[in-house]
Each structure stands twice: as structure tokens, then as C-alpha cells.
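Below: one structure, written as C-alpha cells.
Derivation of every value follows stated rules applied to the coordinates shown; laboratory data play no part. Worth saying up front: this structure is predicted, and the values here are computed from it rather than measured. Every residue, glycine among them, receives a Cβ derived from its backbone with ideal geometry; neighbour counts consider all protein chains shown.
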Amino acid sequence: MEFSDANLFSLNRYPGIDRLAGGTRVDYALHAAWYLPKGALLDGLVGQSYRFHKDHDYLPGSGLTDNVSDIVGRLILAPTPLFNMVYRTRLSHKDLGARMIDATANFGTPKFTLSGGYLYSNTNPYVLYNAPPTLNLNLDPPAAYFTPRHEFTADASTHFGQWSLAAGSEYNLQTQKLDQVSGSAGWQNDCFGISVVYYEQFTSFNLDHGNTTVLVQFTFKTLGNVGFSAL
């Protein structure tokens, strides 16, 4: 679970429906937004959570193990309709050190868009998939869990007429290798659409040494979607 501004006020911060957060807490934040001429926007939020009792169900480094949570923040900057940037962060409530940074930027028009992003996290939850089932992850996570993640993402998409194309990649600065690549192509009209999506993952965890997926999807706008995996 990644604690951020996105789930600061969520009743249950665990993903899915098989686990619920308990206890009594107070969530608070300061939120301000400025709507400027010509569609410009500046939006900022900073918040925190206080629990009346410590919760030992959260993993170390999650920012939720103490009574006082880490500080989460968000900044949205959109000076023009052609460019916007979103910056999210989580800071240690003890020394204000960065524990999570998620920054994305988008530039372009509806016909052609370029996107880039950077992700930093002080922990790597993917190594938990390889942990022995007898290990108490909350009290003694594996040492590799505390290896920071540094990742870059890059995406491009274009729309022309009834056609659309997109491509993306994710690069791991720790391993200096690509974690994944993807691409898609689609066509649609007022009644029908077809798309082909290619996705290849190079990371390995839980005995999964990467995979390649090709998905073909047909959309009947008055009926629904039908899809199948070609690989």
C-alpha cells in the first residue's frame, strides 16, 4: 500500500476488499487552488493523519506505523492548456526526508501528446512477492525491501481521424534496464471499434520471469466489449 494524498481521506487505505483498516484517526489537510486567466491553474495540498493508537499492520516505511503519519503533498501546475505537471510527495514526519516522489508532465494537443514521469520510493514492495510465507513482513521484511526505487517513464500518443496510436516505456535507474514497454493501435467509428495492445514486462518476481501480452479488443458501442489475448 502506498500512502499518498490520493488516499489520505480514504476510509480504507488498503487496496481491494479483503482487508479493512481499523482504529480511530483524524485526517487533516490544507488545500488551495488558484484559477488564473487563459485557463492557467495552480493547485496545492499538504496533509497528514493522526492515529490514536499505533497500527502494526502497516509495513515499515509505509509512513503509517507511528501515531503521526508522514506528510503527503500534491502540486498541480497547468500554465497553458498545452502543458501540465503533477508533483506528489511523501515526507518523513521526523526529518522531512523524501520517502516518495511521483512527478509527471504532459505536453501536447489532443492530436499528439508526450508524457514523462519520475518515481522515487524508499522501499521496493515487489520483493515481497518472493518472501517466504512464514516471514512476518510487518516485523521483519527482507533487506531488499528497503532498496529505493528510481524509475523513469516516457509515453507518446497520437490521434488522427478515426485512428489512434500509443507507445510507452519504463526504465529502472537502479538496474539500468527497461522494466516494461507497451504499444497500442486502434480504430473506431460511431458504432464499432477495434484495438490491439502489446505489453512486455521484463521484471521478475514470484517465479514470474517477465511476460508478453498481446490483447485484441472489439468494441460494439451499443452492446459492450469483447476481447481475447493472442499470447
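Here are some notes:
- Student exercise, the chain dipole from Lys, Arg, Asp, Glu Cβ charges, in Debye to nearest 20: 400
- Residue among Ala167, Ala156, Ala32 with the largest mean-square fluctuation in a Gaussian network model of the chain, springs linking Cα atoms under 10 Å: Ala32
- Using a Förster distance of 41 Å, the FRET efficiency for His31-Ala156 (Cβ separation, nearest 0.05): 0.80
- Where chymotrypsin sites (Phe, Trp or Tyr not before Pro) in DSSP loops with at most 15 other Cβ within 10 Å are excluded, longest remaining stretch of the chain: 53-231
- For a straight C-alpha distance cut-off of 29 angstrom, the lysines reachable from Lys54 (same-chain residues fewer than eight places away being disregarded) are Lys94.
- Whichever lysines have a C-alpha closer than 30 Å to that of Lys221, once near sequence neighbours (fewer than 8 apart) are set aside: Lys111
- Efficiency of FRET between Gln176 and Thr147 - r from beta-carbon atoms, R0 22 angstrom, step 0.05: 0.95
- (i) 1, 7, 14, 17, 18, 14, 11, 8, 5, 3, 1, 1, 0, 0; (ii) 1, 6, 10, 12, 14, 15, 15, 13, 9, 4, 1, 0; (iii) 1, 7, 17, 21, 23, 18, 10, 3, 0, 0, with the label sought being that of the calculated P(r) over Cα pairs in 5 Å bins from 0, in percent: (ii)
- Sites count as exposed loop sites when they are trypsin sites (Lys or Arg not before Pro), lie in a DSSP loop, and have at most 14 other Cβ atoms within 10 angstrom; the longest stretch of the chain without one is 112-220.
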